[in-house]
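The values are calculated or read from the model by the stated rules, or taken from the named source; none is laboratory data. Keep in mind it's a predicted model, so treat the numbers as computed, not measured. Glycine also receives a Cβ, built like all others from the backbone with ideal geometry; neighbour counts cover every protein chain displayed. Only protein heavy atoms, including side chains, enter the accessible area calculation; ligands, DNA and RNA are left aside. Shrake-Rupley method; radii C 1.70, N 1.55, O 1.52, S 1.80 Å.
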Amino acid sequence: MKALVTGATSGIGRCIAESLHKRGWKLILTGRNEKVLKGLQKKFGGGTEIIKAELSDRKEVFRVYEFCRDKNIDLLVNNAGYGIFGKFDSTDLDDELSMIDVNITALHILTKLFLRDFKKRDSGYILNVASVAGFMTGPLLSSYYASKNYVIRLSSAIYEELRREHSNVKITVLCPGPVNTNFNNRAGVSFSVKPVSPEYVAEYALKRLFQGKFFAIPSLTAKLCAVGQRFVPERLLAALTYSVQKAKKTNGV
Ligand SMILES: NC(=O)c1ccc[n+]([C@@H]2O[C@H](COP(=O)([O-])OP(=O)(O)OC[C@H]3O[C@@H](n4cnc5c(N)ncnc54)[C@H](OP(=O)(O)O)[C@@H]3O)[C@@H](O)[C@H]2O)c1
């Protein structure tokens, strides 16, 4: 069995790659950090392939697909992603558009192209990494939250289409709460709730994926958020999220 993992150089993606490797899977790993990719290739050995790619560039996304298309991929893990903190009028537009390209466009392209291949042979798995943020409005991390809403809604629609067709292709959406990775450093925030480990998140996500479950929500706090938000009026939820996000900022808003 062979998997393509995006964002495999760090955090959740790296742990998913390690968990798959322990299960005997062959891996194709992508990220921007070539040194880390080469280190992982050496560590996992035995046929591990790497492809350095900047996923905010659409051409690079297609290049990753072309690299994989004749390699009988059984599992696509769309994990690469990041967040940008700040009031919507003050965040950098180019940075934000790049984030949308990674979090939404790259995931969208790869999901469509691999789904077509998987459906032709009626087998394959897709694991899309969203966030518990995808259930909510996220003032101060507005476009990040919105991007993860997109990932959940897109994946959910595909799940339903596959279910109606009695397809053997499976799709799971991973919705973690805070996880102890490089994510917060990059977004320039700190945790306001105790994070879980990326190793735990990876194992949990793969367990749910191989059970054919749609949601993988890997902690009690995240589960409470995912369910609880349904019972809170939208304006109150946005106000609560604002307070939670403001408390996370390390150097003022
Ligand atoms: N950590 C959390 O609290 C948390 C919670 C919920 C959801 N998530 C989601 O989990 C996923 C993984 O994040 P993480 O927490 O593991 O963060 P991380 O440690 O910062 O890892 C992010 C990964 O994405 C890759 N990446 C980022 N920008 C990229 C780009 N432009 N082109 C190609 N690759 C890119 C990075 O590769 P390079 O460094 O090599 O570029 C890295 O491997 C993200 O989708 C994130 O939104 C995280």
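Here is a check on your reading of the model: is G47 part of a loop (DSSP other than H, G, I, E, B) and either at pLDDT 95 or above or more than 11 Å from the ligand (Cβ to nearest atom) (or both)?
yes
For residues in the range 75-100 being closer than 17 Å to L141 by Cβ and not in a loop (DSSP other than H, G, I, E, B), which is most open to solvent (accessible area, probe 1.4 Å)?
Only one residue tops the list, namely L93.
Out of everything in the range 61-74 that is assigned to a loop (DSSP other than H, G, I, E, B) and under 19 Å from L127 (Cα atoms), what residue ends up being least open to solvent (accessible area, probe 1.4 Å)?
Per the stated criteria, the residue is I73.
Scan the range 1-44 for residues that are small (G, A, S), within 17 Å of the chain's Cα centre (by Cα) and part of a helix (DSSP H, G or I) and jot them down.
G11, G13, A17, S19
Scan the range 1-44 residue by residue and report those that are farther than 20 Å from L107 by Cα, away from the ligand (no atom under 13 Å from the Cβ) and either touching a Ser or Thr at 6+ places or on another chain (Cβ under 8 Å) or open to solvent by 10 Å² or more (accessible area, probe 1.4 Å) (or both).
M1, H21, K22, R23, G24, W25, K26, Q41, K42, K43, F44
Give me the pairs, please: first residue somewhere in the range 179-191 and more than 9 Å from the ligand (Cβ to nearest atom) and of a type outside the set (V, I, T), second residue anywhere and at pLDDT below 85 and open to solvent by 10 Å² or more (accessible area, probe 1.4 Å), beta-carbon distance under 7 Å, and either six or more positions apart or on two chains.
G188/T250; S190/K248; S190/T250
Among the candidates L75, L107, L115, which residue alone is closer than 23 Å to A187 by Cα and of a type outside the set (K, R)?
Matching residue, one of L75, L107, L115: L107.
Here are some residues: D89, D94. Which one is without any contact (Cβ under 8 Å) to a residue 24 or more places away in the chain, within 23 Å of L236 (Cα to Cα) and over 15 Å from the mean Cα position of the chain (by Cα)?
D89 is the lone residue from the list that is without any contact (Cβ under 8 Å) to a residue 24 or more places away in the chain, within 23 Å of L236 (Cα to Cα) and over 15 Å from the mean Cα position of the chain (by Cα).
May I ask you to verify whether N128 is out of contact with any Gly (no Cβ under 7 Å at 6 or more places or on another chain), assigned to a strand (DSSP E or B) and among the polar types (S, T, N, Q)?
Yes, satisfied.
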